[in-house]
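Data block below; observations after.
The values are calculated or read from the model by the stated rules, or taken from the named source; none is laboratory data. Since this is a predicted model, take the numbers as computed values, not measurements. All accessible areas refer to the heavy atoms of the entire protein, side chains included, with ligands and DNA or RNA removed. Shrake-Rupley method; radii C 1.70, N 1.55, O 1.52, S 1.80 Å.
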Amino acid sequence: MSTPAAEHAPGLASDDGIAARARGLTKVYGSGETAVLALDSVDVDIVRGRFTAVMGPSGSGKSTLMHCLAGLDTVSAGQVWIGDTEITGLKERDLTRLRRDRIGFMFQSFNLVPTLNALENITLPMDIAGQKPNEKWLDQVIDTLGLRDRLRHRPSQLSGGQQQRVACARALASRPELIFADEPTGNLDSRAGLEVLGFLREAVDDLGQTVVMVSHDPGAAAHSDLVLFLGDGRIVDEMRRPTAEAVLERMKRFDVIRAQFDDGGPAPRDGGRPPDDRGPVPHDGASARGTVPVDGPPSEGN
Ligand SMILES: Nc1ncnc2c1ncn2[C@@H]1O[C@H](COP(=O)(O)OP(=O)(O)OP(=O)(O)O)[C@@H](O)[C@H]1O
């Protein structure tokens, strides 16, 4: 399959349009009576050149899923691939190199180095890795993010939104196959948050990047192409071309389920999917377990 994103981003490892994949991904924290099943045999395909949001109630496993997909945490069972490289079972040294070379990270705290200016912060991971930035790409990232006239400023001379844009540029600078963003707007006011989401959207649409974002905010998820909903460590639903209202409505259903459970009823393992949606997983891969068909992503963004 050839997507515009694939054409934009030569040299990516996998030819099948999948930037990251998990099969049977299971994560248990602790052991014995205190063991917590954070991820329960999750199957998921992250489509390349798309913006995927991961949502779900607190404790549903969003961060754990992101950390396991990004090779930041070990898995208890199952397999994870970045492109066509299986990362489960990689030695720590190889995993570190893979993360450095192929993945960009954006966290709630920007983690900028206060003594370095914006440009130095942006190129820092590549400097550490001894890599030369591709100047044309770097220019494109800097201009897309509107940082051209801020490059010589230190983080303390930048607004929160500008700092997050620098963090975004740093994640993009080495042209990673995949960007993982954990609550990237969590520390920002709504205007700056919207800016960052707009830039992530542009990174996908204009630069062909693949973004996976964990968020609590339906408005943030509305910038994505696809929302995966986690409930009790499972992908229980997904939504294409989401709107904030539709995501909010879906999230409310988790609250209803939780309230019923708190009242003594059994908690369904499907996170409140409507009864009609509870059929078996279709053979084309669409569905109930969060497997996104390669040919099925939306053709337009928000
Ligand atoms: N290091 C850990 N040790 C033990 N339990 C953990 C650890 N990390 C996460 N958990 C548990 O695993 C489950 C999933 O946690 P996770 O942080 O992935 O959820 P989340 O959906 O990201 O939550 P939130 O929205 O509150 O950030 C929770 O029950 C959590 O308490």
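The HN-Hα couplings worked out from phi for region 207-223 by the Karplus form 6.51 cos²θ - 1.76 cosθ + 1.60 (θ = phi - 60°) are 10, x, 6, 10, 10, 10, 10, 8, 8, 9, 9, x, x, 5, 4, 5, 7 Hz, whole numbers, x standing for Gly and Pro.
Roughly how many Å² is the accessible area per residue of region 4-277, as a whole number, for a 1.4 Å probe? Intermediate values should be presented prior to the final figure.
Working: 12060 Å² over 274 residues.
On a per-residue basis, region 4-277 sits at 44 Å².
Accessible surface of R240, taken over heavy atoms with a 1.4 Å probe and every protein chain present, rounds to 80 Å². Partners of K252 within straight-line reach, counting lysines whose Cα lies under 18 Å from its Cα and excluding those fewer than 8 residues away in the same chain: K62. At the residue level, W81 shows approximately 60 square angstrom of accessible surface with a 1.4 angstrom probe and all protein chains present.
Sorted by accessible area (1.4 Å probe), largest first, how do K252, K91, K132 line up? Write down the numbers at each step before the final one.
Values: K252 95, K91 150, K132 185 Å².
From most accessible down to least: K132, K91, K252.
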